[in-house]
Structure formats: structure tokens, C-alpha cells
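K.L.:
Below is one structure. I have some questions about it.
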Amino acid sequence: MNKISIVGGAGRVGETTAQILAEQELCREVALLDVNEGMSEGVALDIVQTSPFFKFDSRVIGSDDPSILAGSDLVVITAGQARKPGMSRSDVLEANVRVIDAVTDEIMTHAPDAMILVVSNPVDTLTYRVAQRTGWDRRRIFGQAGVLDASRMAGFIAQETGFSVRDITTMVLGGHGDTMVPVSRFCTINGIPLSHFLPEERIAAIMERTRKGGAEILALRKNSSAYDAPGAAVATMIDAIVRNRRRLLPCVAILDGEYGEREIAMGVPCVLGWQGVEQVVELDLEATERADFDRSAASVRADIERLREIS
């Protein structure tokens with residue numbers, strides 16, 4: 001890609017994402033937009049000064065002027081209020097939807113041909129909001145959550161089993177919150193079902209820890225939510241798109257009949273390639289898995305209903 005922009009680029013997730021994008025040379029230019037004057041320029045300068053160490057030639061720039069988005073092939077939205085300890089992701093909906101609306105309008109003005117990757121929480125609801133506000137092809141609008149949640153689950157499994165995380169495959173569906181659906185039946189270690197290595201109660205504990213993964217970090221850090229793993233998750237999705245890898249990854253997608261759902265955005269397996277979300281893959285869920293998925297969808301829908309009140 002020629003240019004990737006990050007809105008909220010002076011925040012911790014934005015900065016981490018920008019550093020990885022530059023190091024991996026996933027685009028020629030990384031543009032950071034932030035409302036705080038001077039901060040994105042400072043972040044950009046700091047990242048540029050790591051280029052002699054990591055040997056990258058990607059250009060990194062920053063500004064508080066939305067016109068910096070012009071020419072973007074992809075825009076990552078990380079802007080918004082972060083939750084505090086004890087808060088759910090839905091608790092920041094009212095504050096963040098106003099931010100997202102303003103950001104979306106700027107993208108439509110300055111980068112009308114871009115894809116949009118939403119990271120701000122509650123990510124499922126805000127991804128839906130962006131899609132509704134733009135009216136763009138649903139392939140161009142998607143959110144990051146499942147890649148992060150699946151990586152957390154893989155990390156927990158590696159800690160529990162002692163096996164290399166390289167051999168661990170996980171799948172997490174549903175909304176990015178306490179109702180997310182880690183599907184242990186699709187979790188394997190080098191193709192061998194997880195149940196071969198761990199008893200049911202340990203798998204259940206890992207699934208529950210996955211659901212609370214972000215809150216666990218927030219409670220420990222107290223003054224900051226996670227940003228290293230989210231940044232890496234965003235970069236993984238962008239790598240799949242930029243290099244047209246057609247990777248099968250769990251992402252927040254706009255559903256149009258898949259899983260029996262419409263007018264909603266939530267985490268499902270997606271094929272990511274040059275056009276964005278090129279395919280939504282429908283899994284044959286068992287009864288309990290389906291019930292959990294439906295419960296998660298209901299939670300996302302409750303937030304979507306709140307959008308109408310806020311608007």
C-alpha cells in the first residue's frame with residue numbers, strides 16, 4: 001500500500017500499530033492524526049528515529065489536521081475514550097460514538113476510497129455505525145477484535161500446556177466483550193484437538209480467562225488498557241490485506257444473512273485479502289455454541305439499539 005493512516009495515532013494503540021507498520025514496511029507512508037496539537041508529530045518523529053535500528057524506509061508523519069488522511073488506502077480508527085477499571089466496553093459507547101461519527105465524516109471527505117479498520121470500543125457497535133454512516137461496500141468496513149481475542153487464548157493455552165504458541169490455532173466468535181464465544185472445538189495444537197491435551201475444566205477456565213483478557217490487563221495496569229497485543233493484532237490484519245494473503249482470521253464484519261444475522265457487526269471468521277473482507281466463513285455450530293453466539297449477538301444488538309437513543 002502507498003498510505004495507511006491511523007486516527008488516534010498519538011494514543012498507545014495507535015503508536016504501537018504505527019511502529020509495527022513502519023518496521024514491517026507494510027506501506028510507503030504512515031500518517032498519524034490526533035486532535036492533540038503536536039502529539040502525533042512527536043510520535044511520528046520518535047518512530048522515524050528508530051528506522052536506523054530496524055532498517056525501514058517507511059515515512060511516518062503526524063498532524064492534527066484531518067487533511068493528512070488524503071490519499072489513504074486504509075484508515076485505522078483507534079481514537080476515543082478508553083475504559084477504566086470496572087467499566088465494560090459498552091460503558092464508553094456514548095462518548096465514543098460521537099468521536100467515531102466525526103472521524104467517519106473526515107474519512108469520507110478526505111479518503112473516500114479507503115478501507116476502514118475500527119479498533120475503538122465497543123468495536124462491534126462502532127463498526128456497524130461506520131458502515132451505516134458511510135454506506136460503503138461492507139468489504140471495506142471491518143473491525144479488530146477476534147484476532148486479538150484468539151491470540152490471547154493461544155497465549156493462555158501455551159502457558160497451560162507448555163507447547164509452542166506457533167502450533168496453537170484458536171477461534172473466537174461473537175462480540176468483543178464478556179459474551180464473546182471462544183470455540184474450543186476449533187482450537188488445536190498442530191491439528192490435534194485441544195481436548196486431547198487438557199481436561200474439560202481447564203479448557204473452560206481458559207475460555208473464561210479469554211473473555212476477561214482485556215479486563216485482566218486493565219486491572220493490573222490500572223491507568224492503561226492493553227496496547228501491545230492490540231497493535232500487533234491490527235498489524236496482522238493489515239499484513240493479510242497488503243500482501244493479499246487471503247488469511248482466515250476472526251474479524252468484526254457486517255453480516256448480511258450469515259449465521260442468520262443481518263443489520264449487525266460482530267466477530268466471525270473472515271478471509272482477508274486485497275479487497276478487505278473478501279468472504280465471511282460460516283461454521284457449523286453445535287447447539288451450545290449456537291446458543292452462546294446468539295446470546296452474544298443479542299448483547300451487540302442492545303448496544304446498536306442504544307445508538308438510536310444517542311443519535
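K.L.:
Count, please, the residues in the stretch 159-197 that happen to be open to solvent by 20 Å² or more (accessible area, probe 1.4 Å) and more than 19 Å from Leu248 (Cα to Cα).
P.N.:
11
K.L.:
Of all the residues that make up the stretch 257-274, how many are within 17 Å of the chain's Cα centre (by Cα) and either under 19 Å from Val130 (Cβ atoms) or part of a helix (DSSP H, G or I) (or both)?
P.N.:
Total meeting the criteria: 7.
K.L.:
Take the stretch 84-119 and flag every residue that is modelled with pLDDT of 95 or more, of a type in the set (D, E, K, R) and in a loop (DSSP other than H, G, I, E, B).
P.N.:
Asp113
K.L.:
Another one. Within the stretch 78-92, can one find any residue that is over 26 Å from Arg139 (Cα atoms), open to solvent by 50 Å² or more (accessible area, probe 1.4 Å), among the charged types (D, E, K, R) and in contact with a helix residue (DSSP H, G or I) (Cβ under 7 Å, 6 or more places away or on another chain)?
P.N.:
No, the stretch 78-92 contains no residue that is over 26 Å from Arg139 (Cα atoms), open to solvent by 50 Å² or more (accessible area, probe 1.4 Å), among the charged types (D, E, K, R) and in contact with a helix residue (DSSP H, G or I) (Cβ under 7 Å, 6 or more places away or on another chain).
K.L.:
Let me ask something additional. Considering only the stretch 160-209, state which residues are in a helix (DSSP H, G or I), touching a residue at least 40 places away in the same chain (Cβ under 8 Å) and not hydrophobic (A, V, I, L, M, F, W, C).
P.N.:
Passing the criteria: Glu160, Arg185, Arg202, Arg209.
K.L.:
Here's a follow-up. Looking at (1) free of Cβ contacts under 8 Å to residues at least 40 places away in the same chain; (2) under 16 Å from the mean Cα position of the chain (by Cα), find the lone condition where Glu305 falls short.
P.N.:
(2)
K.L.:
Which number in (1) more than 29 Å from Arg138 (Cα to Cα); (2) open to solvent by 60 Å² or more (accessible area, probe 1.4 Å); (3) polar (S, T, N, Q); (4) assigned to a helix (DSSP H, G or I) marks the one condition that Ser40 misses?
P.N.:
(2)
K.L.:
Still on this structure, I have one more. Does at least one position in the stretch 190-198 carry a residue that is modelled with pLDDT of 95 or more and either closer than 22 Å to Tyr259 by Cβ or small (Gly, Ala, Ser) (or both)?
P.N.:
yes
K.L.:
Given the options Asn96, Asn121, name the one that is touching a Lys or Arg at 6+ places or on another chain (Cβ under 6 Å), closer than 28 Å to Asp73 by Cα and buried (at least 16 other Cβ atoms within 10 Å of the Cβ). Can you show your working first?
P.N.:
Working: Asn96 fails: touching a Lys or Arg at 6+ places or on another chain (Cβ under 6 Å).
On inspection, the qualifying residue turns out to be Asn121.
K.L.:
Can I ask one more? When you go through Val252, Val234, Val268 one by one, which is the residue that is closer than 22 Å to Thr125 by Cβ, touching a residue at least 40 places away in the same chain (Cβ under 8 Å), open to solvent by less than 10 Å² (accessible area, probe 1.4 Å) and out of contact with any Ser or Thr (no Cβ under 6 Å at 6 or more places or on another chain)?
P.N.:
Val268
K.L.:
Give me the residue from the stretch 11-37 that is of a type in the set (A, V, I, L, M) and over 23 Å from Pro52 (Cβ atoms) and, out of that set, surrounded by the most Cβ atoms within 10 Å (Cβ to Cβ).
P.N.:
Leu33
The values are calculated or read from the model by the stated rules, or taken from the named source; none is laboratory data. Keep in mind it's a predicted model, so treat the numbers as computed, not measured. Glycine gets a Cβ as well: all are built from the backbone with ideal geometry, and neighbour counts include every protein chain shown. Accessible surface areas use protein heavy atoms only, side chains included; no ligands, DNA or RNA. Shrake-Rupley method; radii C 1.70, N 1.55, O 1.52, S 1.80 Å.
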